[in-house]
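Working notes for the structure below.
Just so it is clear, none of the values below were taken in a lab; they were calculated from the coordinates. Note that this is a predicted model, so its numbers are computed, not measured. Quick reminder, even Gly has a Cβ in these numbers, built from the backbone with ideal geometry, and neighbours come from all protein chains shown.
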Amino acid sequence: MAEHSKIPQATAKRLPLYYRFLNNLHLQGKSRVSSKELSEAVKVDSATIRRDFSYFGALGKKGYGYNVEHLLDFFRKTLDQDEITSVVLIGVGNLGTAFLNYNFKKNNNTKIEMAFDTSSEKVNKEMGGIPIYHIDDLAKHLGDIKTAILTVPGLEAQSITEKLVEAGVGGILNFTPARLTVPEDVRVHHIDLAVELQSLIYFMKHYSPEAEE
């Protein structure tokens, strides 16, 4: 099996897409799937899928396609789906509240264990069964949790990120527009909803079938 460090980041980002589709196929009772079917479902061309899978050795047979159960078991282990990952939420505003109520209910391996805020109306209460603590008590409650979702005002993002890093967090999913500065051993994924929406609208206008005619 290929070492994770040798797998391209673009491939690594597609693995959860493959896993989700394969899981749906498995629930439908399907036993095998072709790279063409995978391609149409996840919107990735067949050649890219075959190249992605090649990093992990021989996962399919020519003319047969891929065994769904075998692939699902492989990607479950590769993505550590057999382990529960505890996550902390920072910022219980509108978006943070939505996360607490959702709490990855359809994704049993990920769970928000606690949240932090500064509002006296929210601190020391629960939402969706999740306790909310004051951000000043981060180190006191965080424990071994290494992953954080950041949904705070942009101006506060960097200072809170520094607190997270100091408390031992190694991965941050950043929903703020701020570009965070972190040590090399801390991973940050930025999700700017406004930028994603603008990108979607641009592609709808310029890459639609009508635009290409």
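So the values come out like this:
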| read-out | value |
| --- | --- |
| The chain - share of DSSP beta bridges that are antiparallel (%, nearest 5) | 25 |
| Loop-located trypsin sites (Lys or Arg not before Pro) in segment 71-148 whose Cβ has at most 14 other Cβ within 10 Å (DSSP) | Lys105, Lys106 |
| Spin-label proximity, Lys43 to segment 159-197 - amide N less than 20 Å from point 7 Å beyond Cα toward beta carbon | 190-197 |
| Two-site label geometry, Ser31 and Ala12: point separation in nm, points 7 Å out along Cα→Cβ | 3.6 |
| From phi via Karplus (6.51, -1.76, 1.60), per-residue ³J(HN,Hα) for segment 16-24 in Hz, x at Gly/Pro | x, 5, 4, 4, 4, 5, 4, 5, 5 |
| Phi to ³J(HN,Hα) by Karplus 6.51 cos²θ - 1.76 cosθ + 1.60 over segment 172-177, Hz, x for Gly, Pro | 10, 9, 9, 9, 9, x |
| Between helix 193-206 and the chain: long-axis angle, C-alpha atoms, 0 to 90°, nearest 10 | 30 |
| For Ile112, distant residues with modelled amide H under 5 Å away | Val87 |
| Degrees, to the nearest 10: 68-78 long Cα axis against longest axis of the chain | 40 |
| Burial order of peptide ranges 181-193, 90-102 (average beta-carbon count within 10 Å, highest first) | 90-102, 181-193 |
